Amino acid sequence: QLVEYGGGLVQAGGSLRLSCAASGLTFSSIGVGWFRQAPGKEREFVAHVSFASGRTYYADSVKGRFTISRDNAKNMVYLQMNSLKPEDTAVYYCAARISSASSYSSLEGYAYWGQGTLVTVSS
């Protein structure tokens, strides 16, 4: 299982960095993704980093504001969030992508979900 931390309360326009701690097993996976779920809404894709290529992918809503990165030595994946907006308020989850049968943005290919960390952006 992955463990996320780093959430909190921030004003609009501010920044936060989320961290995702992963075991060696999960780092044998295809990649790691960040998802988020706002109250009353479905869980949605935020960002993904591919282990093989190092390529990163983002949802249109966060492109240019969020950056996903990986520290191989520490078995960590980070999500740097800048220019935060109230609509970014959600519980953020990281998960390991274990199947390439579905898109990197689809929940179906992911496992070892963390418990989530709450990000609240005030206006």
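The values are calculated or read from the model by the stated rules, or taken from the named source; none is laboratory data. On a predicted model such as this, the values are computed, not experimentally measured, just so you know. Note: ideal-geometry Cβ built from the backbone for every residue, glycine included; neighbour counts use all protein chains shown. In case anyone asks, the SASA skips ligands and DNA or RNA and just uses the protein heavy atoms, side chains included. Shrake-Rupley method; radii C 1.70, N 1.55, O 1.52, S 1.80 Å.
Quick check on S105: is it open to solvent by less than 60 Å² (accessible area, probe 1.4 Å), under 14 Å from the mean Cα position of the chain (by Cα) and within 16 Å of L2 (Cα to Cα)? Considered against the rule, which asks whether it is open to solvent by less than 60 Å² (accessible area, probe 1.4 Å), under 14 Å from the mean Cα position of the chain (by Cα) and within 16 Å of L2 (Cα to Cα), S105 comes out as no.
Hey, among the residues in region 1-15 that are under 25 Å from S100 (Cα atoms) and open to solvent by 50 Å² or more (accessible area, probe 1.4 Å), which one's modelled with the highest pLDDT? Across region 1-15, the extreme among qualifying residues is V3. L18 - would you say it is surrounded by fewer than 21 Cβ atoms within 10 Å (Cβ to Cβ), outside any loop (DSSP other than H, G, I, E, B) and not β-branched (V, I, T)? No; evaluated as a whole, the condition is false for this residue. Residues of region 82-99 that are over 18 Å from G40 (Cβ atoms) and either free of Cβ contacts under 8 Å to residues at least 60 places away in the same chain or crowded, with 18+ Cβ neighbours inside 10 Å (or both): L84, C94, A95, A96, R97.
Residues in region 69-81 that are more than 20 Å from E44 (Cβ to Cβ) and either among the aliphatic types (A, V, I, L, M) or surrounded by 14 or more Cβ atoms within 10 Å (Cβ to Cβ) (or both): S69, R70, A73, N75, M76. With respect to (1) exposed (fewer than 15 other Cβ atoms within 10 Å of the Cβ); (2) in contact with a helix residue (DSSP H, G or I) (Cβ under 8 Å, 6 or more places away or on another chain); (3) touching a residue at least 40 places away in the same chain (Cβ under 8 Å), the lone exception for V119 is condition (1). How many residues does region 45-68 hold that are without any contact (Cβ under 8 Å) to a residue 40 or more places away in the chain and open to solvent by less than 20 Å² (accessible area, probe 1.4 Å)? Total satisfying the criteria: 5.
Looking at this structure, is V32 surrounded by 14 or more Cβ atoms within 10 Å (Cβ to Cβ) and under 28 Å from S123 (Cβ atoms)? Taking the combined requirement at face value, the residue does not satisfy it.
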